[in-house]
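Input: a single structure, listed below in structure tokens.
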Amino acid sequence: MIGAQQKKYDDCYGVRTEEPRRLLLVCTRNMSPGGGEQRLNDRTARAIWLATGILTDLVNLTRSSRVDQAASYVRQCPWYGDSVFLGWWPATLASSLLRFEWTVQAMLDRHPSTQVMILSGGMPPWAARQLIRLARTRRVRLIYNSHGTLSELTEYPHGRNPVVRCLFAVIAWLLRKGEAKAYVESDAITVVSAELADSLRADYGVPKGRPEFVIPCGTEAMAASDDPTWRLQTREEWRSRLGFDAAETVFVYSGGGSAWQCVPETITLFEALVGQVEGKSRLCIFSQDPSITRLVADRAMRTSSSITIKALDASDVLGALTACDVGMMLRKRDRTNRVAFPNKFSEYVQAGCYVLLSDATPAPARVARRYSVGSVVEDSDPSEYLHVIDERRRNLGAFYVKCDTAVAEALDYGRNVKPLIEWVEHGS
């Protein structure tokens, strides 16, 4: 509802005497709180607001089932201005796209002082073309925001049905046309990894030159300098709540059950390592995905491995991760993962977990190697990283210092987004 959040602005800044500065986020992503897509866009909006006072207006086209939850969150956050959520079902997608374009135009008409428009998420070429035209006619600078590659639609289609695979191939083809238009015409680009920036340039034949902001899916640095014991205190609390023995080594997988997240491979690796770990060990899975519950139940019938599943609220995940010792993030070697920077890696490191990850995700692998906060399983003998894991448990404080350094220098979202904020505010 356009205009519904004026009181929220007044509460933060006092009664408004002039139009606040604003940018417009035009988004087709899942903006329900807790998801990876939402966190990236939300952290950007929050960081820009904290640094400059610029409000983010939002037009979000998303599945109808997600509208209420997303709208409820956005409308309580002071860094958002006006927001409109347009839900779609498969039968209404065409008409929803038309409403999407009209709503963006209405938002720009309502706030003619808007200086920047961010395009985030897939859209067909005709929609991208219309949004770019709106930006150009109003002299609004345009940012194309990419979280990953559209190859995911063909590398990981939903199911094995050939008709469904064909449908996803057509959708991917249409969205690539839209992405090409948005990418080529934008004034600046934001990506989650250098690999993604290189991939987009190669796909669409655009040389270096425009501003490219590499902003990994990081985390927000906690005040470790103010309270260096926060992890240890939180760890003790959550180990008690989760029923972990004081001396056992807890491996953890946190996330969903999508094919690209490699949950079966994660369980297989744990089962291969469990006999080599010093003392008692278990695998704890933090997920609300029912497919994982079915998978674990099936594996439990064939193995004696200790696997625990916990369904947590998003706000509890970081605290629960501090109770664990080893974060597991395996991926397959394909384009989807090569350009990715999963949120989960940053969360594992912030929680103080040692990370076992694949070389299929080179960007987080570089961070793991540089700061000695994890091992690439393809590059290491298990005895090597199991020794490091044992040493970590004996001296948690020293390992937590490494994690703090990695967060501060490589993963702190507030730090990494500063060049983008400078460009939004000053255009350079």
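No value in this document is a laboratory result; all are computed from the given coordinates. All figures in this text were calculated on a predicted structure; none of them were measured in a lab. Here the Cβ positions follow ideal geometry from the backbone for every residue, glycine too, while neighbour counts run over all protein chains shown.
When the gyration tensor of the range 326-388 is built from Cα positions, what are the square roots of 5 times its three eigenvalues, in whole Å, from largest to smallest?
Details: eigenvalues 61, 39, 16 Å².
So the three semi-axes of the range 326-388 are 17, 14, 9 Å.
For an R0 of 41 angstrom, estimate the FRET efficiency from the Cβ-Cβ distance between ASP313 and LYS280 and round to the nearest 0.05.
Working: r = 28 Å, r/R0 = 0.68.
In this case the efficiency is close to 0.90.
Applying 1/(1 + (r/R0)^6) with R0 = 45 Å to the Cβ-Cβ distance of SER258 and GLU19, what FRET efficiency is obtained, to the nearest 0.05?
Working: r = 42 Å, r/R0 = 0.94.
Computed FRET efficiency for SER258 and GLU19 comes out at 0.60.
I want to verify a result. In a Gaussian network model of the chain, Cα cutoff 10 Å, which of these has the top mean-square fluctuation: SER287, SER375, SER65?
SER65
Which peptide among 310-319, 97-106 comes first, and what is the full order, when sorted by highest mean count of other Cβ atoms within 10 Å?
Working: 310-319: 14.1, 97-106: 17.5.
Most protected by this proxy first, the peptides run 97-106, 310-319.
Just to confirm a number: summing +1 for Lys and Arg and -1 for Asp and Glu over residues other than PRO125 whose beta-carbon lies under 15 angstrom from that of PRO125, what do you get?
On the way: positive: ARG129, ARG133, ARG176, LYS177, LYS181; negative: GLU101, GLU179, GLU185, ASP203.
Net of charged neighbours comes to +1.
With charges set only on the Cβ (+1 for Lys and Arg, -1 for Asp and Glu), what does the dipole of the chain come to about its Cα centre, in debye to the nearest 20? Walk me through the numbers before you get to the answer.
Working: 53 positive and 49 negative charges, 258 e Å.
In debye, rounded to 20, the chain gives about 1240.
Starting from the 7 Å offset along Cα-to-Cβ, what nm value, one decimal, do you get for the label separation of ARG138 and ARG75?
Here the modelled spin labels are 2.2 nm apart.
TRP238: net charge of surrounding residues, Cβ under 15 Å, Lys/Arg +1, Asp/Glu -1, itself excluded? Mind showing how you got there, number by number?
Details: positive: ARG231, ARG235, ARG239, ARG241, ARG282, LYS310; negative: GLU236, GLU237, ASP245, GLU248, ASP313, ASP316, ASP325, GLU347.
The answer is -2.
Need one number: the % of Cα-Cα pairs in the range 230-411 sitting beyond the 29 Å mark. Walk me through the numbers on the way to the answer.
Working: 2087 of 16471 pairs.
In whole percent, the long-distance tail amounts to 13.
Among residues other than LYS181 whose Cβ falls under 13 Å from its Cβ, what is the net charge (Lys/Arg +1, Asp/Glu -1)? Can you show the working numbers first?
Numbers: positive: ARG129, ARG133, ARG136, ARG176, LYS177; negative: GLU179, GLU185, ASP203.
Charge balance near LYS181 sits at +2.
Between ARG241 and ALA91, what FRET efficiency comes out of the Förster formula 1/(1 + (r/R0)^6) with R0 = 45 Å and r the beta carbon distance, rounded to 0.05? Walk me through the intermediate numbers first.
On the way: r = 45 Å, r/R0 = 1.00.
That pair, ALA91 with ARG241, gives E of 0.50.
Take the alpha carbon atoms of the range 146-200, find their center, do the same for the range 44-114, and report the distance between the two centers in whole angstrom.
Here the two parts' Cα centres lie 22 Å apart.
For n ≥ 4 DSSP H runs only, could you compute -39500 (n - 2.57) per run for the chain, divide by its residues and tell me the 222 nm figure to the nearest 500?
Numbers: 19 runs with 204 residues, N = 428.
Taking each H run of at least 4 residues, the total per residue is -14500 deg cm²/dmol.
What percent does the relative contact order of the chain come to when contacts are Cα pairs within less than 8 Å and at least six residues apart?
On the way: 709 pairs, mean separation 57.6, N = 428.
Relative contact order of the chain: 13 percent.
If one takes the longest principal axis of the Cα atoms in the chain, at what angle in degrees, from 0 to 90 and to the nearest 10, does the Cα axis of helix 230-242 lie?
That helix lies at roughly 70 degrees to the long axis.
Find the Cα radius of gyration of the chain, compare it with 2.2 N^0.38 Å by division, and give the number to two decimals. If you can, show how the numbers build up before the last one.
Numbers: Rg = 22.4 Å, N = 428, 2.2 N^0.38 = 22.0 Å.
Relative to the rule-of-thumb radius for its length, the chain sits at 1.02.
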